[in-house]
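Student: Got a structure here, written out as structure tokens. Questions coming.
The values are calculated or read from the model by the stated rules, or taken from the named source; none is laboratory data. What you are looking at is a predicted structure, and each value in this text was computed from that prediction instead of being measured. Note: accessible area is taken over every heavy atom of the protein model, side chains too, but ligands, DNA and RNA are not part of it. Shrake-Rupley method; radii C 1.70, N 1.55, O 1.52, S 1.80 Å.
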Amino acid sequence: MIEADLAVVGISELATPIGPAPRIGGELGRLRVEHAAAIASCAGRIVFVGTEREFGETVRLVDGAVRVDAQGGTALPGFVDAHTHLPFTGWREREFDERLRGATYSEIAARGGGILSTVEKVRSATVEDLAGDVRSRLDAMLRLGTTTVEAKSGYGLSLPDEIKQLEALRLAAAEHPVEVVPTFLGAHTIPREHRADREAYVDALVEEMLPEVSRRALAEYADVFIDAQAFTIAEARVILEAARGLGLGIRVHADQLADDGAAMLAAELGAASADHLEYASDAGLAALARAGTSGVLLPAATFFLMSDRRPPGRRLVDFGVPVVLATDFNPGSCPLESMGAALAFGCLTARLGVDEAITAATLNAAHALGRSDSTGSLEPGKRADVVIHAVPSRHHLVYRMGLPRVRQVVAAGRLVWEDLQPLPAR
């Protein structure tokens, strides 16, 4: 008999991708689907996935084991959000209203709004302030089914303030059920004090910030935003090569607002991911596919910015790029904590199928963060990150979008969220 200290039973449908490798092309939507299913874990790791009949025949619950009743819900792996900007303070709702009245993201940034307005607020905040904000956002994401999240700095743009953001991430994540993967994004934009001397800021990134981040082991990845309002291809190459030389993985904000050639650079440097890609060329996508670099789609941001350009979901699939879905949670272009909503936008605007979107939000996202050996799918040996959605099948998550339907969240084999309150009577 298999011994377990946690079991989830009463599952109407269980759907999961399988394996440590990302799914690409026609395999993106290939899921294992079980009906009348159960899952069991021991010491935080999955030990059984199958039917309830098989569960009854092969699994023994140890004394004190937790038994979770899914009540006919649908089980998916915990969502893996592979692109967020968690450690900030303050919001930018007035800029949102400006965009509703016709201002563009680039226009707002050019006159000192956008990222730089958040930089001012972060620089005046304490590490404790930022950590408190991060904790509350992790709480919200957990309740919405996210169990692993990548989180970028990039709102400090000076050595002490970038370090402060990364330290806030570490402090907030220390005892939180959501696993946080930190990314250094000091190359988010050029700060005001360096606008007349861009080279000095690039030098500071390469010679001061990156070495200190590496020395303190505060980040696993480094990222660069390549854009007319941010960094050039040449500047990004210098920064990313320096990061790679220090042992950091690399990521790229690529071709979001124009075809800057950023996807090509990401592929050339062997980046873990190229993110956004709305304007990426066919040559850029082909290069990503050859390099095995993940393409992270952020369809909610595209929608929030009211862009006429659709996220290139079907193009990435056709080129064989590992497709990932993420929220892009940030205060300016996408204040969205919900991976469930990102899933819906991935289907309705990036033209992914429901099963393709599930893989992109779980296994493929875990691969992009170097976590696919341990999470992103429901199978023995992986961490028990399980979310029960209060719907009879996975298709309802998109078909009936708009209402949070997470019933239970298990993270690393522990029940960390449960909402069994009935809906109010009419």
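Student: Using only the Cα atoms, work out Rg/Rh for the stretch 130-178, with Rh taken as the Kirkwood radius, to two decimals.
Tutor: Radius of gyration over Kirkwood radius for the stretch 130-178 works out to 1.00.
Student: Give me the mean projected area, in nm² to one decimal, of the convex hull enclosing the Cα positions of the stretch 4-51.
Tutor: 3.7 nm²
Student: Based on Cα coordinates alone, diagonalise the gyration tensor for the stretch 47-109, multiply each eigenvalue by 5, take square roots, and list the semi-axes in whole Å, largest first.
Tutor: On the way: eigenvalues 498, 40, 26 Å².
Values for the stretch 47-109, descending: 50, 14, 11 Å.
Student: Additional query: What residue among 66, 323, 119 shows peak mean-square fluctuation when the chain is described by a Gaussian network model with Cα springs under 10 Å?
Tutor: Of 66, 323, 119, the most mobile in the Gaussian network model is 66.
Student: Follow-up question, since we're still on this one. Given H placed on each backbone N at 1.01 Å, which residues far from residue 406 in sequence or on other chains put an amide H within less than 5 Å of it?
Tutor: For residue 406, whose amide H was placed from the backbone, the distant partners under 5 Å are 390.
Student: Along the three principal axes, how long is the stretch 275-426 when you take its alpha carbons, biggest first, rounded to the nearest angstrom?
Tutor: Cα extents, longest axis first: 53, 41, 29 Å.
Student: While we're here: Starting from the Cα-Cα distance between residue 196 and residue 45, subtract it from 0.36 nm times their residue separation and give me the gain in nm to one decimal.
Tutor: 49.0 nm
Student: Okay, next question. Over all pairs of distinct alpha carbons, what does the Kirkwood formula give as the hydrodynamic radius of the chain, in Å? Intermediate results must be reported in sequence, preceding the final value.
Tutor: Numbers: mean 1/r = 0.0462 Å⁻¹.
Answer for the chain: a Kirkwood hydrodynamic radius of 21.7 Å.
Student: Then there is this: When the helices in the chain are scored as -39500 (n - 2.57) per DSSP H run of 4 or longer and the sum is shared across all residues, what 222 nm value do you end up with, to the nearest 500 deg cm²/dmol?
Tutor: -9500 deg cm²/dmol
Student: Hey, another quick one. With the radius of gyration and the Kirkwood radius both derived from the Cα set of the stretch 32-164, what is their ratio Rg to Rh?
Tutor: That ratio is 1.18, to two decimals.
Student: For the chain, what is the relative contact order in percent, using Cα pairs closer than 8 Å and at least 6 residues apart in sequence?
Tutor: Values: 1048 pairs, mean separation 91.7, N = 426.
Result for the chain is 22 percent.
Student: When the chain is fully extended, how far beyond the present Cα-Cα distance does residue 93 get from residue 52, taking 0.36 nm per residue of separation? Display every interim value, and only then the final one.
Tutor: Numbers: separation 41, 0.36 × 41 = 14.76 nm, distance 4.82 nm.
Result for the pair: 9.9 nm of gain on full extension.
Student: Further question on the same structure: Give a residue-ordered list of calculated ³J(HN,Hα) values for the stretch 51-56 (Karplus: 6.51 cos²θ - 1.76 cosθ + 1.60, θ = phi - 60°; whole Hz; x for Gly, Pro).
Tutor: Those phi angles translate into 7, 5, 5, 5, 4, x Hz.
Student: Could you give me the percent of Cα pairs per 5 Å distance bin for the stretch 319-359, shortest bin first, beginning at zero and ending with the bin that holds the maximum distance?
Tutor: The calculated distribution, bin by bin, is 5, 25, 29, 21, 13, 5, 1.
Student: Further, regarding this structure: For the stretch 369-409 and the stretch 169-229, compute the distance between their C-alpha centroids and round to whole Å.
Tutor: About 31 Å separates the Cα centre of the stretch 369-409 from the one of the stretch 169-229.
Student: Okay, moving on. What's the extension gain from residue 401 to residue 232 if we count 0.36 nm per residue and subtract their Cα-Cα distance?
Tutor: Here the segment from residue 401 to residue 232 would lengthen by 57.0 nm.
Student: Across 10 Å bins from 0, what is the distribution of all Cα-Cα pair distances for the stretch 213-258, in whole percents?
Tutor: 28, 50, 21, 2
Student: What does the stretch 211-360 give for Rg and for Dmax, in Å, if only its C-alpha atoms count?
Tutor: 14.9, 43
Student: Let me ask something else. Tell me which lysines have Cα within less than 25 Å of residue 121's Cα, excluding those fewer than 8 residues away on the same chain?
Tutor: 152, 164
Student: While we're here: Given the alpha-carbon gyration tensor of the stretch 144-222, what are the semi-axes of its equivalent ellipsoid in whole angstrom, ordered largest first, with each equal to the square root of 5 times an eigenvalue?
Tutor: 26, 12, 9
Student: Could you put 105, 279, 201, 399 in order of accessible surface area, largest first, with the 1.4 Å probe and the full protein assembly present?
Tutor: Largest accessible area first, the list is 399, 279, 105, 201.
Student: From the phi angles alone, apply the Karplus equation (6.51, -1.76, 1.60; θ = phi - 60°) to the stretch 151-157 and give each ³J(HN,Hα) in whole Hz, x where the residue is Gly or Pro.
Tutor: Taking θ as phi minus 60°, the curve returns 9, 9, 7, x, 10, x, 6 Hz for the stretch 151-157.
Student: Okay, moving on. With the chain treated as a Gaussian network of Cα nodes joined by springs under 10 Å, which of 246, 31, 218 yields the largest mean-square fluctuation?
Tutor: Highest fluctuation of the listed residues: 246.
Student: Quick one: divide the alpha-carbon radius of gyration of the stretch 137-294 by 2.2 N^0.38 Å and tell me what you get.
Tutor: Taking the Cα Rg and dividing by 2.2 N^0.38 Å, one obtains 1.03.
Student: Carbon and sulfur atoms: what percent of the 1.4 Å accessible area of the chain do they account for?
Tutor: Carbon and sulfur: 52 percent of the exposed surface of the chain.
Student: Mind checking which of 329, 96, 345 has the largest fluctuation in a GNM of the chain, springs on alpha carbons under 10 Å?
Tutor: Of 329, 96, 345, the Gaussian network model singles out 96 as fluctuating most.
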